[in-house]
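The values are calculated or read from the model by the stated rules, or taken from the named source; none is laboratory data. None of the values given here were measured: they were computed from a predicted structure. Cβ: placed from backbone, ideal geometry, glycine included. Neighbour counts: every protein chain shown.
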Amino acid sequence: MSRYLLNKFLYTVDRDADLVERYRADPVATVARWEEEYANRLLNCVADEATTWLAFDDTERLALTTYDYPKLFELGAHPFLTLTLFIGLFERDHSEPLGFQLEYARRLSHVSLPYPDIAT
(Lines give C-alpha, C1' and ligand atoms only; values in the text may rest on other atoms or scores of the structure.)
Protein backbone atom coordinates (compact mmCIF):
# COMPACT_ATOMS: atom_id res chain seq x y z
CA MET A 1 0.00 0.00 0.00
CA SER A 2 1.23 3.48 -0.83
CA ARG A 3 -0.43 6.51 0.72
CA TYR A 4 1.94 8.56 -1.40
CA LEU A 5 0.55 7.09 -4.61
CA LEU A 6 -3.07 7.48 -3.49
CA ASN A 7 -2.45 11.11 -2.63
CA LYS A 8 -0.56 11.68 -5.87
CA PHE A 9 -3.55 10.33 -7.83
CA LEU A 10 -5.99 12.56 -5.94
CA TYR A 11 -3.73 15.59 -6.33
CA THR A 12 -2.97 15.22 -10.04
CA VAL A 13 -6.47 14.26 -11.16
CA ASP A 14 -8.06 17.10 -9.17
CA ARG A 15 -5.84 19.66 -10.91
CA ASP A 16 -6.76 18.59 -14.44
CA ALA A 17 -10.37 19.25 -15.51
CA ASP A 18 -10.12 16.74 -18.37
CA LEU A 19 -8.90 14.01 -16.02
CA VAL A 20 -11.71 14.80 -13.58
CA GLU A 21 -14.28 14.34 -16.33
CA ARG A 22 -12.64 11.15 -17.60
CA TYR A 23 -12.55 9.80 -14.05
CA ARG A 24 -16.25 10.61 -13.62
CA ALA A 25 -17.18 8.98 -16.95
CA ASP A 26 -14.98 5.86 -16.72
CA PRO A 27 -13.15 5.38 -13.42
CA VAL A 28 -11.73 1.95 -14.29
CA ALA A 29 -10.10 3.13 -17.52
CA THR A 30 -8.94 6.39 -15.95
CA VAL A 31 -7.28 4.72 -12.98
CA ALA A 32 -5.58 2.19 -15.29
CA ARG A 33 -4.38 4.89 -17.68
CA TRP A 34 -3.23 7.16 -14.84
CA GLU A 35 -1.33 4.30 -13.25
CA GLU A 36 0.38 3.53 -16.56
CA GLU A 37 1.17 7.13 -17.56
CA TYR A 38 1.48 9.13 -14.33
CA ALA A 39 2.17 6.86 -11.36
CA ASN A 40 5.90 6.64 -11.88
CA ARG A 41 6.43 10.23 -13.01
CA LEU A 42 7.97 12.43 -10.40
CA LEU A 43 5.78 15.32 -9.31
CA ASN A 44 6.72 18.68 -10.77
CA CYS A 45 9.51 17.20 -12.90
CA VAL A 46 10.06 16.68 -16.58
CA ALA A 47 8.39 13.58 -18.02
CA ASP A 48 11.74 11.90 -18.63
CA GLU A 49 12.42 11.62 -14.90
CA ALA A 50 10.53 8.69 -13.47
CA THR A 51 10.61 5.72 -11.15
CA THR A 52 9.58 2.21 -12.10
CA TRP A 53 8.16 0.59 -9.00
CA LEU A 54 4.98 2.47 -8.01
CA ALA A 55 1.64 0.73 -8.50
CA PHE A 56 -1.68 0.53 -6.70
CA ASP A 57 -2.52 -2.66 -4.86
CA ASP A 58 -5.89 -4.31 -5.49
CA THR A 59 -7.55 -2.66 -2.47
CA GLU A 60 -6.43 0.82 -3.52
CA ARG A 61 -7.42 0.25 -7.15
CA LEU A 62 -10.88 -1.00 -6.13
CA ALA A 63 -11.45 1.97 -3.82
CA LEU A 64 -10.44 4.40 -6.57
CA THR A 65 -12.51 2.75 -9.29
CA THR A 66 -15.63 2.59 -7.12
CA TYR A 67 -15.24 6.11 -5.67
CA ASP A 68 -15.08 4.58 -2.18
CA TYR A 69 -13.81 7.66 -0.36
CA PRO A 70 -14.47 6.20 3.12
CA LYS A 71 -12.15 3.32 2.19
CA LEU A 72 -9.59 5.75 0.75
CA PHE A 73 -9.69 7.63 4.06
CA GLU A 74 -9.15 4.35 5.95
CA LEU A 75 -6.19 3.61 3.67
CA GLY A 76 -4.61 6.91 4.68
CA ALA A 77 -5.50 9.14 1.72
CA HIS A 78 -5.43 12.76 2.83
CA PRO A 79 -9.01 13.88 3.61
CA PHE A 80 -8.53 17.32 2.03
CA LEU A 81 -7.31 15.83 -1.26
CA THR A 82 -10.12 13.30 -1.24
CA LEU A 83 -12.78 15.90 -0.48
CA THR A 84 -11.66 18.40 -3.11
CA LEU A 85 -11.55 15.81 -5.90
CA PHE A 86 -14.88 14.29 -4.99
CA ILE A 87 -16.51 17.73 -4.76
CA GLY A 88 -15.38 18.22 -8.37
CA LEU A 89 -16.86 14.87 -9.31
CA PHE A 90 -20.16 14.91 -7.46
CA GLU A 91 -21.20 18.36 -6.20
CA ARG A 92 -23.16 18.87 -9.43
CA ASP A 93 -25.35 15.88 -8.53
CA HIS A 94 -26.69 17.61 -5.40
CA SER A 95 -29.24 20.40 -5.56
CA GLU A 96 -28.89 21.67 -2.00
CA PRO A 97 -26.00 23.93 -0.91
CA LEU A 98 -23.00 21.94 0.31
CA GLY A 99 -24.86 18.81 -0.75
CA PHE A 100 -21.86 16.65 -1.45
CA GLN A 101 -19.91 17.93 1.56
CA LEU A 102 -22.81 16.89 3.81
CA GLU A 103 -22.91 13.47 2.12
CA TYR A 104 -19.14 13.11 2.59
CA ALA A 105 -19.48 13.96 6.29
CA ARG A 106 -22.37 11.51 6.69
CA ARG A 107 -20.45 8.65 5.05
CA LEU A 108 -17.41 9.33 7.25
CA SER A 109 -19.38 9.92 10.46
CA HIS A 110 -18.39 6.48 11.77
CA VAL A 111 -14.74 7.57 11.96
CA SER A 112 -13.59 8.93 15.29
CA LEU A 113 -10.34 10.29 16.62
CA PRO A 114 -7.60 9.40 16.25
CA TYR A 115 -7.98 9.48 12.47
CA PRO A 116 -5.97 7.09 10.32
CA ASP A 117 -2.37 8.14 9.79
CA ILE A 118 -2.11 10.38 6.68
CA ALA A 119 1.67 10.81 6.73
CA THR A 120 3.36 9.77 3.50
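Keeping to the range 51-89, report how many residues are assigned to a loop (DSSP other than H, G, I, E, B) and without any contact (Cβ under 8 Å) to a residue 24 or more places away in the chain.
4
Which one is modelled with the lowest pLDDT, of the residues in the range 66-120 that are of a type in the set (D, E, K, R) and surrounded by fewer than 12 Cβ atoms within 10 Å (Cβ to Cβ)? Can you show your working first?
Restricting attention to the range 66-120, the residues satisfying the condition of being of a type in the set (D, E, K, R) are 68, 71, 74, 91-93, 96, 103, 106-107, 117.
Restricting the remaining residues to those that are surrounded by fewer than 12 Cβ atoms within 10 Å (Cβ to Cβ) gives 92-93, 96, 106, 117.
Values: Arg92: 89, Asp93: 92, Glu96: 87, Arg106: 90, Asp117: 62.
Result: Asp117.
Find the residue count for the range 7-17, including only residues that are over 13 Å from Phe86 (Cβ atoms) and crowded, with 18+ Cβ neighbours inside 10 Å.
Counting residues in the range 7-17 that are over 13 Å from Phe86 (Cβ atoms) and crowded, with 18+ Cβ neighbours inside 10 Å gives 2.
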